[in-house]
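The values are calculated or read from the model by the stated rules, or taken from the named source; none is laboratory data. Remember, it's a predicted structure, so these values are computed and weren't measured experimentally. Glycine also receives a Cβ, built like all others from the backbone with ideal geometry; neighbour counts cover every protein chain displayed. Note: areas computed on protein heavy atoms with side chains; ligands, DNA, RNA excluded. Shrake-Rupley method; radii C 1.70, N 1.55, O 1.52, S 1.80 Å.
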Amino acid sequence: MTSKNDSLFERAQRTTPGGVNSPVRAFRSVGGTPRFITRAEGPYFWDADGKRYIDYIGSWGPAIVGHAHPVVVKAVQDAAARGLSFGAPTEGEIEMAEEICRLLPSIEQVRLVSSGTEAAMSALRLARGATGRDTIIKFEGCYHGHADSLLVKAGSGLLTFGNPTSAGVPEDFAKHTLVLDYNDPQQLEDVFAKMGDSIACVIVEPVAGNMNLLRATPEFLQTMRRLCSQFGAVLIFDEVMSGFRVALGGAQAVYGIAPDLTVLGKVIGGGLPVAAFGGRADLMQHLAPLGSVYQAGTLSGNPVAVAAGMTTLKLIQEPGFYEALGAQTTKLVQGLSQAARESGVTFSADAIGGMFGLYFASDIPGTYAEMMMCDKSRFNTFFHAMLDAGVYLAPSAFEAGFVSAQHDDAAIDATISAARVAFTRIA
Ligand code: HOZ
């Protein structure tokens, strides 16, 4: 019998490059046919062939309260009935800005946009405009969306500017980006000692989620905080993944470090396109219409998207929300680790809040280089065995996983049982 997923993929490729609207969805890294999703509810979604999966990507982070939460759906329906988009301000946007500033005290003022890419790109422009400097620092393995200055990999030496990682990014843009090693505070010290006065900003994922899950060491983040303050550079935390995910106050609450600017996305939209950047009021006041840094968007602060986001932000503040989310995520990674041990498979796992990483390596990686040494082919075998068993993990060995508040014991236990079988295919 022909699979509907197969025929949809074939059809999609005729009109859409690679058949997908975002590359990782194409399953290129793991092989096989992407699943076309027809509906989702709680911790599950269903594909075009009617097969149910326990979902561990949660739309790559936003679905923290579970898919199609009835309270969020109702808020979206009500907002939609009042009008889809006005291109003029609404009270809902003020409420959302107030809520963000209350939950992340380092944010004194915030601007809403529609995607994490847009938020990161705007934060960079603001940092450059406010400091009058061009050079930015990012870290190998961190992903901040696909703005030109950020699709850059390390050059040949510490002080060599980066090389584009995508065709279409001019060398002239990449030459303003320095790419350093994650979790290497000494490199930061060396670079700032040589050229601290010309650095506009340092942008970092304080808990990295785009090279699988990788925690920053406190020393690494403390060093960049100190150096940015000392040299007048702007410290930008990209909390698109970690914001409202590793804790209510994001990674900055976990580490107790206040960045100058924060980039947010995913959870704040509750599944609809809301992202934001915000921080120190004196920096934010450089933005148009007050200042000379231009930034704008027709759908920024869209009323339907804001309704989904605000309702989600309320739900995650219910008593015990993060305790329960963290407990289920820990139960998942401990169960998977135990199942791997029983099969003699070299494996480790980490979790922080509702985010987790699975590593086919004996220890949890602490650097990008260690992460790259994880066994990708074992991950791919595991991924497909889990998929066959109805568990949908991110289709890449280098993406983090996400648990929602709807992942109950039944879902977690079923996942661990599936893993017991999957690990035997590897051993
Ligand atoms: N940016 C996501 C991977 N880290 C993928 C988003 C998507 O395909 O929806």
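Kindly work out what percent of the DSSP beta bridges joining two residues of the chain are antiparallel, to the nearest 5.
Details: 28 of 46 bridges.
Approximately 60 percent, going by the DSSP bridge assignments.
How large is the Kirkwood hydrodynamic radius of the range 256-399, in angstrom, based on all distinct alpha carbon pairs?
18.7
Provide the packing ranking of 57-67, 346-356, 200-210, i.e. peptides ordered by the mean count of other C-beta atoms within 10 Å per residue, highest first.
Values: 57-67: 23.8, 346-356: 21.5, 200-210: 25.6.
In descending order of packing, they fall as 200-210, 57-67, 346-356.
How large is the Rg to Rh ratio of the range 1-92 when both quantities use alpha carbon positions and Rh follows Kirkwood? Numbers along the way, then the final one.
Working: Rg = 16.7 Å, Rh = 15.7 Å.
On the Cα set of the range 1-92, Rg over Rh gives 1.06.
Can you pull the one-decimal nm distance between simple spin-label points at Glu318 and Met195, each 7 Å off the Cα toward Cβ?
5.1
Could you compute the net charge surrounding Val263? Neighbours are other residues with a C-beta less than 9 Å from the C-beta of Val263; K and R count +1, D and E count -1. Mind dumping the intermediate values first?
Numbers: positive: none; negative: Asp238, Glu239.
My count for the surroundings of Val263 gives -2.
For the chain, what's the relative contact order in percent, using C-alpha pairs closer than 8 Å and at least 6 residues apart? Spell out each step's value before the answer.
On the way: 869 pairs, mean separation 88.8, N = 427.
Relative contact order of the chain: 21 percent.
Quick check of the Kirkwood formula: for the chain, what is the inverse mean of 1/r over all pairs of different Cα atoms, in Å?
On the way: mean 1/r = 0.0450 Å⁻¹.
Computed over Cα pairs of the chain, the Kirkwood hydrodynamic radius comes out at 22.2 Å.
Which value, in Å² rounded to 10, gives the accessible area of Phe423 with a 1.4 Å probe and all protein chains present?
In the full protein context, Phe423 sits at about 0 Å².
Select from Gln109, Gln186, Gln13 the residue whose mean-square fluctuation is largest in a Gaussian network model of the chain (Cα-Cα springs shorter than 10 Å).
Fluctuation is largest for Gln13.
Regarding the range 170-309, what's the average projected area of the Cα-atom convex hull, expressed in nm²? Could the numbers behind the result be given before it?
Numbers: hull surface 39.7 nm².
Mean projected area of the Cα convex hull: 9.9 nm².
What accessible area per residue comes out for the chain, rounded to a whole number of Å², with a 1.4 Å probe? All intermediate terms of the calculation are to be shown ahead of the outcome.
Numbers: 17610 Å² over 427 residues.
On a per-residue basis, the chain sits at 41 Å².
With all protein chains present, how much of the accessible area of the chain (probe radius 1.4 Å) comes from carbon and sulfur, to the nearest whole percent? List each step's numbers first, then the result.
Values: 9220 of 17610 Å².
Exposed carbon and sulfur together represent 52 percent of the surface.
For the range 339-380, what is one quarter of the convex hull surface built on the Cα atoms, given in nm²? Before the final figure, lay out each step's value.
Values: hull surface 13.4 nm².
Over every viewing direction, the Cα hull of the range 339-380 projects on average to 3.4 nm².
Please work out how much length the chain gains when fully extended from Ala414 to Lys376, using 0.36 nm per residue of separation minus the C-alpha to C-alpha distance, in nm with one decimal.
Details: separation 38, 0.36 × 38 = 13.68 nm, distance 2.40 nm.
Fully extending the segment from Ala414 to Lys376 adds 11.3 nm.
What lysines sit close enough to Lys175 to cross-link, taking a C-alpha to C-alpha distance under 25 Å and skipping anything fewer than 8 places away on the same chain?
Those lysines meeting the cut-off are Lys138, Lys153, Lys194.
For a 19 Å ceiling on Cα separation, which of these pairs sit above it: Lys4/Lys266; Lys51/Lys331; Lys74/Lys314?
Over 19 Å apart, Cα to Cα: Lys4/Lys266; Lys51/Lys331.
Placing one identical point scatterer on every Cα of the range 66-174 and ignoring solvent, what is log10 I(q)/I(0) from the Debye formula at q = 0.12, 0.14, 0.19, 0.20 Å⁻¹?
Reported log10 I(q)/I(0), two decimals: -0.65, -0.80, -1.08, -1.14.
Using only DSSP helix segments of four residues or longer, with each worth -39500 (n - 2.57), what per-residue ellipticity at 222 nm results for the chain after dividing by its residue count and rounding to 500? Present the calculation step by step, with values, prior to reporting the outcome.
Numbers: 14 runs with 165 residues, N = 427.
The helix contribution divided over the chain gives -12000 deg cm²/dmol.
In whole angstrom, how long is each semi-axis of the equivalent ellipsoid of the range 1-50, when you take the square root of 5 times every eigenvalue of its Cα gyration tensor and sort them from largest down? If you can, show how the numbers build up before the last one.
Values: eigenvalues 68, 38, 22 Å².
Over the Cα atoms of the range 1-50, the ellipsoid semi-axes are 18, 14, 10 Å.
What length, rounded to one decimal in nm, is gained on full extension from Thr2 through to Thr160, with 0.36 nm per residue of separation minus their alpha-carbon distance?
Values: separation 158, 0.36 × 158 = 56.88 nm, distance 5.23 nm.
Stretched out fully, the Thr2 to Thr160 stretch lengthens by 51.6 nm.
Describe numerically, in nm with one decimal, the distance between label points set 7 Å from Cα along Cα→Cβ at Arg52 and at Ala88.
With each label placed 7 Å out from Cα toward Cβ, I get 4.7 nm.
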